[in-house]
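Take a look at the structure below.
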Amino acid sequence: MPSDSVSIERTHESNGVVRCMAGAALGHGGVRRGRSVTDRYDRALLLSGPKRDVVLGLWEVQRYGLDSYGDENYVSLYGMQPAEWHARGVRVLGRTAVECTRDVLARAIAQDVAAGAASRSHRPATWVIDPFAGSGNTLHWLAHHLPGARAIGFELDAQVSDLTRRNVAALGLAIDVVRRDYREGLAALSTADHDRFVVFIAPPWGRALDPVRGLDLRSTEPPVADVVQRVVESFAPRPVLCAIQLYEQSDAASVREVARLFDASEVRMYACNAPGQNHGILLGERNWS
Ligand SMILES: C[S@@+](CC[C@H](N)C(=O)[O-])C[C@H]1O[C@@H](n2cnc3c(N)ncnc32)[C@H](O)[C@@H]1O
């Protein structure tokens, strides 16, 4: 498993914000301009445009980071900058470069979730599950910070799933990614009475992310509340701790609606991006004691 090569400065501020900065320098050299200078490598081109289902070259990954965030190493994954993970055989689709939870954020989330799990109970998680695995990077970091838990992710898209499975094998990561709809995947798990489940929930945002109104958890595909209900029903009455990915601006009513599904919950934000472009989690527990 790659070492923790990304260093993160974490400052807990008031109102649950964690400030995190990638330790790597923001290099701006070395990115080949392989397409016309007018092609902006942004969310639209990679997520809903012609690059959605295309395996990106290294320069394209770096160009996306530069064009969209001023950082060619923005899409750092599995503890590595793009040049390193690409050299080790990792490949991602355009859509996955946008949808993945990159290192600086995935690691901050995983640290918080692990600390939250430990502070609420001395009994460790036995499973860590990402029903929407994508790149598998969030699952990788959660598994790293929840040692001993079995890590499994479900990924419906055949191309994403095949690439992620190949990447996981190339890097020897201690996670399993299964090509399956999350509902079938949850139903097929062979679990025991004493099991305890940590679940990370980030379904595709699609049209749920509005540039003005922010993220509406009722409009993700599938809606977050449906996923939480399915997770809780699958494992009840056993303990479940869910981390649901949020955007800095999220529809408050939709967040409250999801929070009501838990015994207790809290919101954490991570200052990894420019103000207004940050992500967070809603950490919700059911029977977690
Ligand atoms: C936002 S991405 C997840 C990113 C991921 N957390 C990571 O670290 O890369 C959501 C993923 O869920 C997958 N997906 C969508 N519907 C699904 C379903 N019903 N079951 C399993 N996976 C699904 C999509 O193909 C996509 O790759």
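Just so it is clear, none of the values below were taken in a lab; they were calculated from the coordinates. Treat the numbers as computed from the prediction; the structure is a model and nothing was measured. Quick reminder, even Gly has a Cβ in these numbers, built from the backbone with ideal geometry, and neighbours come from all protein chains shown.
Could you check which residue among Ala252, Ala151, Ala243 shows the biggest mean-square fluctuation in a GNM of the chain with a 10 Å Cα cutoff? Of Ala252, Ala151, Ala243, the most mobile in the Gaussian network model is Ala252. Going by alpha carbons, how many degrees (0 to 90, nearest 10) lie between the helix axis of 103-120 and the longest principal axis of the chain? Result, in degrees: 10. On the basis of the beta-carbon distance and an R0 of 22 Å, Ala274 and Ala253 show a calculated FRET efficiency of 0.25. Counting 0.36 nm for each residue step from Ala188 to Val54 and taking away their Cα separation leaves a gain of 45.1 nm. For the stretch 79-93 versus the stretch 203-221, the inter-centroid distance based on Cα atoms is 29 Å. When a/c is below 1.5 the answer is rounded, else prolate if a/b is larger than b/c, else oblate, so apply that to the stretch 140-242 with a ≥ b ≥ c taken from the square roots of the Cα gyration tensor eigenvalues. Oblate. Helix 158-171 and the longest principal axis of the C-alpha atoms of the chain enclose an angle of approximately 90°. Between the helical axis of 58-69 and the longest alpha-carbon principal axis of the chain there is an angle of about 80 degrees.
Could you estimate the translational diffusion coefficient of the chain from the Stokes-Einstein equation, with Rh from the Kirkwood formula over C-alpha pairs, at 10 °C and 1.306 mPa s, in whole µm²/s? Result for D is 83 µm²/s.
Dimensions of the stretch 120-168 along the principal axes, based on C-alpha atoms and rounded to the nearest Å, stand at 39, 16, 13, largest first. With a Förster radius of 45 Å applied to the beta-carbon distance between Glu233 and Asp39, the computed FRET efficiency rounds to 0.50.
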